Structure formats: C-alpha cells, structure tokens
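One structure is given here, and the rest of the page talks about it.
Values in this text are rule-based calculations from the coordinates and carry no lab data. Owing to the predicted nature of the structure, the values given are computational and were not obtained by experimental measurement. Counting neighbours? That spans all protein chains shown, and the Cβs are built from the backbone with ideal geometry, glycine included.
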Amino acid sequence: MGAVLTQAVSWSNVERAIANLKSADALSPPTLRRIPAEELARLIRPAGYYNVKAHKLKALAQLMGDAGDDPARLFNGDTAGLRHRLLGVYGVGEETADSILLYAASRPVFVIDTYTRRIIGRLGLAPPTASYSELQTLFMTRLPTETESYNEYHALLVRLGKNRCRKTPLCPTCPLVTICPFPQGPGQ
DNA sequence: ACCCAGGGTCATA
DNA sequence: TATGACCATGGG
C-alpha cells in the first residue's frame, strides 16, 4: 500500500495517510475492499492524488483477495510471473511492481526510480533515452543478485539523488564525483 | 509565488 | 512508441 501511496509524493505525506488508515482501521485488504472510494479518498488525502490512489489501493486489495488475503500465497510463484501479475493491477507500473517485489516479497529485483535515473544520467553511464529495463539490467548485471544489497543500494541512491545540484560538468565538491555505483568501474 | 516530491493512466499522433 | 495532460497535497 505504501508503494502506491508514495507515487510522486514524499514519504512524510504518506505517513499521515497511513496513520489515518490505521486509526480508521482501514488498512487491511478486506476493509479496503469494503470502504466506499470517497471515504477512502478522504482518509488518504495527505498523500495527494487521493481520488486516483483510492482506486489504486482498492485494485491492490482486490489482488490480495484473489490470494485469499494471504501474503504468503500471493508471493509464492516465480518472480517473473509475480511481476507480470502486479503489472496487471491498476496503478501498478514497473517501479511500483519492483518495489513490492523487493520490499514486500523480498525478491532480488533492482528498483529504478527518478533518483537512480538522475544519477546515472549525470554520471553519463547510460543515454538519457535508456528504458527502465535497460537501466535495471545495467545494475543487475554488475551487482550480486541479493535482496539485501539491492535494498541498501536503492536507499543510498535515493539519499544521493536528493542532492539537486545539476551543474555540468560536475562541480568538484559534488559527492557524485567521487563515487561510481559499480564495483568494477563504469565500463561494460 | 514558485518548485518539487522515491509514478501511472489515458488520449492522441 | 512517444509525448503530453491529468491527477493534488505538503514542505522548502
């Protein structure tokens, strides 16, 4: 649910929305299915795009329902198949699907977000036109396939990405100058 | 008064 | 398949 609520919105806003859902006892999939969309929208208002996101949450709750509201059952298939199912849900695109796979299902999937794109772009490690899957392959072919390190890596990229200095070439004091995301260097 | 935030859908060409 | 409009609140 957090993966949907945080779309294009800061996490602090999402925390309020989740707090509202908790206090209304409306965070469980069965409740999310039952609650009227208008009331759900009111609860998640701080997370922005509340009308759209209300329906997205309901769509996710629907998917959970198809698995008998049992996360272990939802997350039991192979990663590729699960990703395909997630992408079929309204409001779930590639990044959201991969976030759910990494953080909820603990699958070794590298998440590509705005910050990751920004950093890769500034380092000149991929053309600006690179697709999501191209960037994902860039990381996954260079890093060991481990849920924990992908998790940590993504957190570090987010932290670096918040630096909004966009001078080009890179200014000498920019942290980006001294880092390369890949252990074997930028090549191949 | 801006700008931006860990996106995605839909209509259009 | 690529681009643009649209969704909307809260903090800097």
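Residue separation of A:Val52 and A:Ala24 scaled by 0.36 nm, minus their Cα-Cα distance, works out to 8.1 nm of gained length. Work out, in µm²/s and without decimals, the Stokes-Einstein translational diffusion coefficient of chain A at 4 °C, 1.567 mPa s, Rh from Kirkwood over C-alpha pairs. The estimated diffusion coefficient comes to 72 µm²/s. Gain on full extension, evaluated as 0.36 nm per residue between A:Glu148 and A:Ser131 minus their Cα-Cα distance, stands at 3.7 nm. Label point 7 Å out from A:Ala155 along Cα-to-Cβ: which residues of region A:105-141 have amide N under 19 Å? Those under the cut-off are A:105-116. Each Cα pair under 8 Å and six or more residues apart adds its sequence gap; the mean of these over the residue count of chain A is a relative contact order of 16 percent. Taking the alpha carbon gyration tensor of region A:82-123, multiplying each eigenvalue by 5 and rooting it gives semi-axes of 22, 12, 7 Å, largest first. The local environment of A:Ala67, defined by Cβ-Cβ distances under 11 Å, has a net charge of -1 under the rule Lys, Arg +1 and Asp, Glu -1. Summary value for region A:66-137: 19 percent relative contact order, contacts being C-alpha pairs under 8 angstrom separated by 6+ residues.
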